[in-house]
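Participant: I'd like to ask some things about the structure below.
The values are calculated or read from the model by the stated rules, or taken from the named source; none is laboratory data. Source: prediction; values computed, not measured. In this analysis, Cβ positions are derived from the backbone assuming ideal geometry, glycine residues included, and neighbour counts consider all displayed protein chains.
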Amino acid sequence: MDVVNPSTQKVIAKVPVSTRDEIDRAVEAAKEAFPEWRRTPPLARARCMFRLKELMEQRFEEISRIQTMEHGKTIDESRGETRRGIENVEVAAGIPSLMMGYNLEDVAAGIDEYLIRQPLGVFGIIGPFNFPFMVPLWFIPYALATGNCIIVKPSSEDPISQVKIAELAEEAGIPSGVYNVVNGGRTVVSGMLDNPDIKGVCFVGSTPVGHEVIYKRCGETGKRVIAQCGAKNFLLVMPDADLDGTIATCMTSFYGNAGQRCLAGANLVTVGEGLSESEYNVFHKKIVDAFVDAASKIRVGYGLDQSVQMGPLRDKEKKEKVAGYIEKGVKEGAKLLLDGRKVKLAGDWPSTAFLNPTVFDNVTPDMAIGSEEIFGPVACIMKAKNMDQAIEMIHNNQYGNAASIFTQNGKWARKFQYDTQCGNIGINIGIVAPMAFFPFSGMKKSFFGDLHGQGTEAIRFFTESKVVIQRWF
Ligand code: NAD
């Protein structure tokens, strides 16, 4: 399988596509490695995490460059991704305390009771294309540190970072068979879902695949499952918001990673809370003008050029899908203020996968561009008379991944955090990405499962609790 650099359109690597038989062999190898790995003391497994972290730090630039080359994001975005990925390895290195159970003496006369956590065996981890390095690391270090073995299937579009992590894991002393990588698309996923020795699956990707394929099949076969899925995130701008800070934050939220983020801003809602109609129109125009001005200045090009602020879409098909939404928005009657289909690049690169930032005003929540996940650099600006109406817009949308409010008013901020049904809430934050020691949450069609990736919830996902009651005669 060729891996193509979306900025240069050159083939940068080839990876083998795993056959069904190879997947079964990988699971068999993991199953064989499990008894010894689970008996390895947690502190020894933690040392592997420390060594893995150290190796990742040593290769920090190399890993970051790989992400820019295989995905297209800017080098600074890749550095951010590498950092956030490593943080999960750091958190998992705390496994001796994270995995502890608890006990209580004399639950009845002379009887003690305690709870221990044990690993289950082999887990499958299936990644999306948009964060090829970091997303699988929401699960990998916790699965390993708790004593499980893993089969990782990165996105078929940008699998190199994951192959790199597996190489480093070997160097870090993680025994053969504990950590396996397979490559390919849906056939490989089917092979993983059908294998009875895989006890649970962590998936991050689109809602149709996450719900219809992963969640349902895991339910049928009794596998544990985390399925983190699609999004359509609303950002509310209140009349008292700090203009410069809000607009600067919005630029990274809407256009960072070329909009290919499950936490990206999608709909910007100006809220006229407490304003007369004419005051609201002035406020709305001020936000729209500042937004368009900033978006039109974003430098688009090859992410290895340090001055570039936005890279390409992952490939031509993804670009065409986003361009199709722009066309649809025009037909639906939204006002196209900045048309990213007119590609202007910093540097002489093939325009195949590139778009520039796009802005629509007069978008309503019933339009396809206002309700569906576009997953590209398109901002849809909307109006809401007050906070209740804005929150209702969020609740009427099928997704519930993230939502943000920009305000200086504590009462508005608290109401927003209290009422809004989304897994990740931002207050003057445009990309609500939880740190490694917090769970990566999600609601409605953005998440299927019970426990989330990262931190202590991941530890619970990768272990089963056993209760022991004892007495001595
Ligand atoms: P995708 O669903 O197309 O692919 C995800 C994974 O599933 C890939 O490894 C792919 O090879 C595999 N796959 C694709 N089609 C399949 C099928 N029919 N059967 C079985 N497996 C299949 O998603 P993507 O395009 O790689 O990623 C983008 C999506 O991921 C967006 O919707 C984005 O919002 C979402 N995402 C969500 C989060 C989150 O935490 N909620 C984080 C990152 C990305």
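Participant: Suppose we keep only residues that are near the ligand (Cβ under 10 Å from one of its atoms) and without any contact (Cβ under 8 Å) to a residue 60 or more places away in the chain within region 207-237. Which one would you say is farthest from residue 263 (Cα to Cα)?
Facilitator: So, considering only residues that are near the ligand (Cβ under 10 Å from one of its atoms) and without any contact (Cβ under 8 Å) to a residue 60 or more places away in the chain, the one farthest from residue 263 (Cα to Cα) is 217.
Participant: Sticking with this one: For region 32-79, give me each residue that is surrounded by fewer than 19 Cβ atoms within 10 Å (Cβ to Cβ) and on the phi > 0 side of the Ramachandran plot.
Facilitator: Within region 32-79, none qualify.
Participant: Any residue in region 281-297 that is on the phi < 0 side of the Ramachandran plot sitting within a Cβ distance under 6 Å of a residue that is of a type in the set (Ser, Thr, Tyr)? List the pairs, counting only those 6 or more apart or interchain.
Facilitator: Qualifying pairs under 6 Å: 284/270; 287/270.
Participant: Still on this model: Considering only strands (runs of 3 or more DSSP E) fully contained in region 414-473, which possess at least 2 residues that are at pLDDT 95 or above and surrounded by 21 or more Cβ atoms within 10 Å (Cβ to Cβ)?
Facilitator: 424-427, 447-449
Participant: Still on this structure, I have one more. In region 413-452, what residues are in contact (Cβ under 8 Å) with a residue 40 or more places away in the chain, within 11 Å of the ligand (Cβ to nearest atom) and in contact with a Pro (Cβ under 9 Å, 6 or more places away or on another chain)?
Facilitator: If the condition is that a residue be in contact (Cβ under 8 Å) with a residue 40 or more places away in the chain, within 11 Å of the ligand (Cβ to nearest atom) and in contact with a Pro (Cβ under 9 Å, 6 or more places away or on another chain), then 424, 440, 452 are the ones that fit.
Participant: For region 183-202, give me each residue that is of a type outside the set (S, T, N, Q) and more than 26 Å from residue 450 (Cβ to Cβ).
Facilitator: Listed by number, the residues that qualify are 184, 185.
Participant: Would you point out the residue of region 282-331, among those that are in a loop (DSSP other than H, G, I, E, B) and hydroxyl-bearing (Ser, Thr, Tyr), that is nearest to the ligand (Cβ to nearest atom)?
Facilitator: Step by step, filter region 282-331, then rank; the result is 302.
Participant: Given the residues 386, 409, which is the only one that is touching a strand residue (DSSP E or B) at 6+ places or on another chain (Cβ under 9 Å) and not small (Gly, Ala, Ser)?
Facilitator: Unique residue meeting the criteria: 386.
Participant: Among (1) more than 15 Å from the ligand (Cβ to nearest atom); (2) of a type in the set (Gly, Ala, Ser); (3) at positive phi, there is one condition residue 455 misses while meeting the rest; what is its number?
Facilitator: Every condition holds for residue 455 apart from (1).
Participant: If you don't mind, another one. In a helix (DSSP H, G or I), over 19 Å from residue 31 (Cβ atoms), more than 12 Å from the ligand (Cβ to nearest atom) and out of contact with any helix residue (DSSP H, G or I) (no Cβ under 9 Å at 6 or more places or on another chain), is that true of residue 91?
Facilitator: When the stated conditions are applied, residue 91 does not pass them.
Participant: Something else now. Could you please find all residues in region 1-27 being surrounded by fewer than 15 Cβ atoms within 10 Å (Cβ to Cβ), touching a residue at least 60 places away in the same chain (Cβ under 8 Å) and assigned to a helix (DSSP H, G or I)?
Facilitator: Within region 1-27, 20 is the sole residue that qualifies.
Participant: Then there's this: Which of (1) surrounded by fewer than 24 Cβ atoms within 10 Å (Cβ to Cβ); (2) assigned to a helix (DSSP H, G or I); (3) more than 14 Å from the ligand (Cβ to nearest atom); (4) in contact (Cβ under 8 Å) with a residue 24 or more places away in the chain is the odd one out, the single condition residue 175 does not satisfy?
Facilitator: (2)
Participant: Cβ contacts < 6 Å: first residue more than 16 Å from the ligand (Cβ to nearest atom), restricted to region 115-139; second residue small (Gly, Ala, Ser) and part of a loop (DSSP other than H, G, I, E, B), any location; separation 6+ or different chain. Result?
Facilitator: Final answer for the pair search is 115/101; 116/101; 117/101; 119/147.
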